[in-house]
Amino acid sequence: MKSQVLLETKTPLELQDRAPLQPANGEVIVSIRAAALNRRDYWIVQGMYPGIKLPCVPGSDGAGVVSGAESVGEAVEGDWLDAEVIMNPGLDWGVSQRSQSGDFRILGMPDDGTFAEQVAIPAAYLHRKPAHLSWHQAAALPLAGLTAYRAVMVQGQVAKDQVVLVTGIGGGVAGFALQFAKAAGAKVIVTSSSEQKLERAKTLGAAAGFDYRQPDWHKSLLKEFGPVDVVIDSAAGSGYANLVAAAKFGGRIVNYGATTGPPEKLDMFSVFWKQLTLQGTTMGSPGDFAAMLKFVDEHKIVPVVDEVFPLADANAAMQRMAEGEQFGKIVLSV
Ligand SMILES: NC(=O)c1ccc[n+]([C@@H]2O[C@H](COP(=O)([O-])OP(=O)(O)OC[C@H]3O[C@@H](n4cnc5c(N)ncnc54)[C@H](OP(=O)(O)O)[C@@H]3O)[C@@H](O)[C@H]2O)c1
């Protein structure tokens with residue numbers, strides 16, 4: 001069973017041949033057809049993620065088949081034999097819809113993940129692969145789709161005819177946020193560091209795009225569209241001030257990341273006077289995952305796949321993420 005293994009941070013993944021996995025009680029073994037990268041995998045390889053435990057097989061996203069009776073452990077509920085599946089990578093979320101429990105963790109460190117020919121996972125995290133998606137598209141969906149769904153629909157409460165700003169549209173989660181907000185009937189405006197990515201976003205339904213490297217881009221947005229109802233952001237950093245300025249009275253700024261660090265300054269006068277909600281969000285509950293899949297099926301949303309690499313070339317896929325040239329999800333074909 002071929003697996004990409006991280007032995008030490010800041011070193012390339014090593015392709016190892018490991019013994020086939022055996023399911024524990026309640027578990028299934030999924031034969032992976034495709035996996036996808038998330039920024040999390042990159043942070044782990046770089047040693048920039050909390051609680052790193054090595055060695056590990058990275059990878060939170062996968063799509064595959066529960067292939068053969070030997071793949072189904074004792075006491076597995078449901079008929080999963082030979083099913084085509086994707087997996088919710090958010091393990092032990094807990095019982096609250098409001099936030100995750102202290103036991104919450106993400107598939108792909110410390111639990112071995114999907115950059116392998118097989119992954120072991122409790123059957124409770126299995127879902128049927130959406131029928132309208134290819135293996136590559138299905139693998140691209142779970143982590144980023146879940147994060148975007150909770151950010152846009154649950155925490156952002158995006159509704160029809162609202163104006164929504166999604167920053168850094170080249171990102172995997174941002175792409176889904178654009179698609180979900182659009183499907184919910186919102187007008188979506190995006191930002192990017194790349195003119196080409198702004199143009200791609202327009203083909204996915206973005207009404208307009210602005211280059212966040214221009215210091216006053218938000219003034220052009222305000223002039224053209226007025227203030228926005230909801231911002232979906234994962235950059236924070238020095239650009240956060242522009243998001244506060246772009247938000248409407250009563251608006252919401254939802255953050256699922258802080259790629260460029262904490263905001264350099266926070267204009268508290270605007271925050272309280274405009275009655276803004278600054279809302280954090282992380283992945284999503286099992287209920288959010290099920291609701292995301294239903295939404296994707298109803299709107300026949302197709303994840304944007306940037307590039308597909310063979311499993312053996314996982315380090316090249318990581319390099320593509322490091323360079324930041326991608327638009328959408330980077331996928332591994334297994
Ligand atoms: N909380 C959670 O559950 C959760 C889940 C997933 C991801 N995250 C976090 O969210 C962030 C994005 O993750 P991802 O997997 O979507 O990453 P990704 O696919 O690698 O995308 C990163 C994108 O960030 C954008 N960006 C970089 N600097 C920016 C800036 N100054 N202003 C606006 N956008 C900027 C870039 O957009 P352009 O290329 O368009 O310039 C880039 O493509 C990461 O920090 C990740 O750790 C958190």
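How many residues are touching a Ser or Thr at 6+ places or on another chain (Cβ under 8 Å) and away from the ligand (no atom under 12 Å from the Cβ) if we restrict to segment 251-284?
First pass over segment 251-284, keeping only residues touching a Ser or Thr at 6+ places or on another chain (Cβ under 8 Å): 251-260, 263-264, 276, 281-284.
With the extra rule that they be away from the ligand (no atom under 12 Å from the Cβ), the set shrinks to 251-253, 276.
The number of residues fulfilling the criteria is 4.
Please find, within segment 202-226, the residue that is nearest to the ligand (Cβ to nearest atom) out of those that are in contact (Cβ under 8 Å) with a residue 60 or more places away in the chain and either assigned to a helix (DSSP H, G or I) or more than 22 Å from the chain's Cα centre (by Cα) (or both).
In this case the residue turns out to be Phe225.
With Glu325, Glu264 as the choices, which residue is in the same structural domain as Pro130 (by TED's automatic domain parsing), part of a loop (DSSP other than H, G, I, E, B) and among the charged types (D, E, K, R)? I'd like the intermediate steps shown before the answer.
Numbers: Glu264 fails: in the same structural domain as Pro130 (by TED's automatic domain parsing).
The conditions single out Glu325.
Being among the hydroxyl-bearing types (Ser, Thr, Tyr) and either surrounded by fewer than 13 Cβ atoms within 10 Å (Cβ to Cβ) or not assigned by TED's automatic domain parsing to the domain that holds Lys129 (or both), is that true of even one residue in segment 54-66?
Keep residues of segment 54-66 that are among the hydroxyl-bearing types (Ser, Thr, Tyr), which gives 60.
Next cut, either surrounded by fewer than 13 Cβ atoms within 10 Å (Cβ to Cβ) or not assigned by TED's automatic domain parsing to the domain that holds Lys129 (or both) only: none.
Looking for residues that are among the hydroxyl-bearing types (Ser, Thr, Tyr) and either surrounded by fewer than 13 Cβ atoms within 10 Å (Cβ to Cβ) or not assigned by TED's automatic domain parsing to the domain that holds Lys129 (or both), one finds none in segment 54-66, hence no.
If the requirement is being part of a strand (DSSP E or B), out of contact with any strand residue (DSSP E or B) (no Cβ under 7 Å at 6 or more places or on another chain) and farther than 27 Å from Leu6 by Cα, which of these qualifies: Phe249, Phe269? Working first, answer last.
Values: Phe269 fails: part of a strand (DSSP E or B).
It is Phe249.
For segment 100-126, name all the residues that are touching a residue at least 40 places away in the same chain (Cβ under 8 Å) and farther than 28 Å from Ala312 by Cβ.
Hits for segment 100-126 are Gln100, Pro122, Ala123, Ala124.
Can you tell me which of (1) loosely packed, with under 14 Cβ neighbours inside 10 Å; (2) closer than 23 Å to Val173 by Cα is the one Ala258 doesn't meet?
It is condition (1) that Ala258 fails.
Given the residues Ala124, Ala138, Ala151, which is the only one that is assigned to a helix (DSSP H, G or I), within 16 Å of the ligand (Cβ to nearest atom) and modelled with pLDDT of 95 or more?
Numbers: Ala124 fails: within 16 Å of the ligand (Cβ to nearest atom); Ala138 fails: within 16 Å of the ligand (Cβ to nearest atom).
Of the residues listed, the single one that is assigned to a helix (DSSP H, G or I), within 16 Å of the ligand (Cβ to nearest atom) and modelled with pLDDT of 95 or more is Ala151.
Considering each residue of segment 20-53, count those that are touching a strand residue (DSSP E or B) at 6+ places or on another chain (Cβ under 6 Å), more than 14 Å from the ligand (Cβ to nearest atom) and in a loop (DSSP other than H, G, I, E, B), and give that number.
Residues that pass the stated criteria total 3.
With the condition kept exactly as written, say whether any residue in segment 162-184 is assigned to a helix (DSSP H, G or I), over 30 Å from Val28 (Cα atoms), over 18 Å from the mean Cα position of the chain (by Cα) and not aromatic (Phe, Trp, Tyr). I'd like the intermediate steps shown before the answer.
Pass one, segment 162-184, residues assigned to a helix (DSSP H, G or I): 172-183.
Right, trim to over 30 Å from Val28 (Cα atoms) and you get 174-175, 177-183.
Filter once more, so that each one left must be over 18 Å from the mean Cα position of the chain (by Cα): none.
Within segment 162-184, not a single residue is assigned to a helix (DSSP H, G or I), over 30 Å from Val28 (Cα atoms), over 18 Å from the mean Cα position of the chain (by Cα) and not aromatic (Phe, Trp, Tyr).
Here is a check on your reading of the model: is Val244 in contact (Cβ under 8 Å) with a residue 12 or more places away in the chain, within 26 Å of Arg40 (Cα to Cα) and either surrounded by 14 or more Cβ atoms within 10 Å (Cβ to Cβ) or not aliphatic (A, V, I, L, M) (or both)?
Details: in contact (Cβ under 8 Å) with a residue 12 or more places away in the chain: yes; within 26 Å of Arg40 (Cα to Cα): no; either surrounded by 14 or more Cβ atoms within 10 Å (Cβ to Cβ) or not aliphatic (A, V, I, L, M) (or both): yes.
No.
Would you be able to tell me the number of residues in segment 184-201 that are more than 9 Å from the ligand (Cβ to nearest atom) and either not assigned by TED's automatic domain parsing to the domain that holds Thr259 or not β-branched (Val, Ile, Thr) (or both)? Walk me through how you get there before you give the answer.
Of the residues in segment 184-201, the ones more than 9 Å from the ligand (Cβ to nearest atom) are 184-189, 195-196, 199-200.
Checking which are either not assigned by TED's automatic domain parsing to the domain that holds Thr259 or not β-branched (Val, Ile, Thr) (or both) leaves us with 184-187, 195-196, 199-200.
Of the residues in segment 184-201, 8 are more than 9 Å from the ligand (Cβ to nearest atom) and either not assigned by TED's automatic domain parsing to the domain that holds Thr259 or not β-branched (Val, Ile, Thr) (or both).
The values are calculated or read from the model by the stated rules, or taken from the named source; none is laboratory data. Because the structure is a prediction, the values reported are computed rather than measured. Cβ coordinates were reconstructed from backbone atoms using ideal geometry, including for glycine residues, and neighbour counts include every protein chain displayed.
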